[in-house]
Amino acid sequence: MKKEIKIKPFWYSDIWLFPKLITVITSMDAEGRLNAAPYSHIMQYDVMHKKPRMMVGFRQDSHTFQNICATGEFVINCPSADYLPDVMETARFYPEGINELEHTRFTTIPSRKVKPPSLAECPQIAECTVDEIVNLEKSSGIVFANIVAIVVDEKIADMDRGQRIQAMNLPVGLGDEDRVEYFYGIMDNVVHHTLKEAPEGYQAAKLKTALEWDEPAMVALMKVPAMVRNMVMTQTEKHARSQGATRVTATHMRELAEEFGMDEAVLSRFGRKADG
Ligand SMILES: Cc1cc2nc3c(=O)[nH]c(=O)nc-3n(C[C@H](O)[C@H](O)[C@H](O)COP(=O)(O)O)c2cc1C
């Protein structure tokens, strides 16, 4: 049996369970005074590398949002679960101009590309500038942010995902009750699944090319992982057409791979190598 729930303000937190990333955003006001507060209304927006962007949602009267509107810069710091008490300390309603970090174990380090400092204790950091701000009427302020630098602890940079998950120990935000009781998940039981590919015949049958492909190009296309093969095919044909070609060659594929930053290292993450 199911029941429809009345949608009330703060539905996203009160009734709908949204496991989320926990971050501490550092920003500065126009006078250069530092501010820090936790934020988890955050997700990737442009996933490609040319203009990588995040989307972050704020209460419009929060100091962080006002600082971002005033200066156009901020830093997203991801703390480990060991720092949850400090994260909560920065969430308290201190008056404007108070540096919440003074009440925590967090220490600041200079950021690479923006003025607000980063938090040394956070293993994963994104330095951001404003691309666009949308003030939703009587609701959140949404910041579409350019990621100008991603900075991680040296020791985790080359780890595989499984090791990195353990080493970073990022808490998962599980919402709150009445803006006072906050709930978190801790990474002590991570489940790992391997995605199985669909049968090869089925994948090939689904592929409908609009242009002619020469053999090296087709061989290279078949080496692209099945889940992105259709998209790569469409994009490559679009790219070939933009050059006035009626036949797709391996050069078109290579040019497109370069444009999208799909080098050998990125492609090998999908389990197969680029070719041609
Ligand atoms: C874990 C956690 C996540 C939060 N996420 C958000 C959020 O995404 N957006 C928001 O407006 N407030 C969020 N808050 C509430 C703000 O952190 C809180 O209102 C804070 O006092 C704002 O500080 P500021 O005015 O210095 O920016 C969150 C609080 C906690 C504890």
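Please find, within the stretch 53-71, the residue that is farthest from the ligand (Cβ to nearest atom) out of those that are over 19 Å from the mean Cα position of the chain (by Cα) and among the small types (Gly, Ala, Ser).
Per the criteria, the residue is ALA70.
List the number of the failed condition for GLN66; all other conditions in (1) without any contact (Cβ under 8 Å) to a residue 40 or more places away in the chain; (2) surrounded by 11 or more Cβ atoms within 10 Å (Cβ to Cβ); (3) within 18 Å of VAL148 (Cα to Cα) hold.
Single failed check for GLN66: (3).
Would it be correct to say that LYS20 is within 10 Å of the ligand (Cβ to nearest atom), among the charged types (D, E, K, R) and within 26 Å of PRO123 (Cβ to Cβ)?
yes
Looking at (1) over 26 Å from ILE186 (Cα atoms); (2) more than 14 Å from the ligand (Cβ to nearest atom), find the lone condition where ILE125 falls short.
Against the list (1) over 26 Å from ILE186 (Cα atoms); (2) more than 14 Å from the ligand (Cβ to nearest atom), ILE125 comes up short only on (1).
Determine whether THR104 is buried (at least 17 other Cβ atoms within 10 Å of the Cβ) and touching a Leu at 6+ places or on another chain (Cβ under 7 Å).
No; evaluated as a whole, the condition is false for this residue.
Can you spot a residue in the stretch 33-52 that is farther than 24 Å from THR108 by Cα, away from the ligand (no atom under 13 Å from the Cβ) and over 13 Å from the mean Cα position of the chain (by Cα)?
yes
Name every residue in the stretch 117-138 that is in contact with a Phe, Trp or Tyr (Cβ under 6 Å, 6 or more places away or on another chain) and under 21 Å from MET43 (Cβ atoms), in order of residue number.
Answer for the stretch 117-138, where residues must be in contact with a Phe, Trp or Tyr (Cβ under 6 Å, 6 or more places away or on another chain) and under 21 Å from MET43 (Cβ atoms): LEU119, CYS128, ASP131, GLU132.
State all residues of the stretch 76-96 that are under 15 Å from ARG33 (Cα atoms) and either without any contact (Cβ under 8 Å) to a residue 24 or more places away in the chain or more than 10 Å from the ligand (Cβ to nearest atom) (or both); if no residue qualifies, say none.
Matches in the stretch 76-96: TYR94, PRO95.
Give the residue that is farthest from GLN66 (Cα to Cα), with candidates limited to residues of the stretch 121-148 that are over 19 Å from the mean Cα position of the chain (by Cα) and surrounded by 14 or more Cβ atoms within 10 Å (Cβ to Cβ).
Only one residue fits best here, namely GLU121.
For the stretch 21-32, give me each residue that is buried (at least 20 other Cβ atoms within 10 Å of the Cβ) and more than 17 Å from THR108 (Cβ to Cβ).
Across the stretch 21-32, the qualifying residue is only ILE22.
Values in this text are rule-based calculations from the coordinates and carry no lab data. Worth saying up front: this structure is predicted, and the values here are computed from it rather than measured. Glycine gets a Cβ as well: all are built from the backbone with ideal geometry, and neighbour counts include every protein chain shown.
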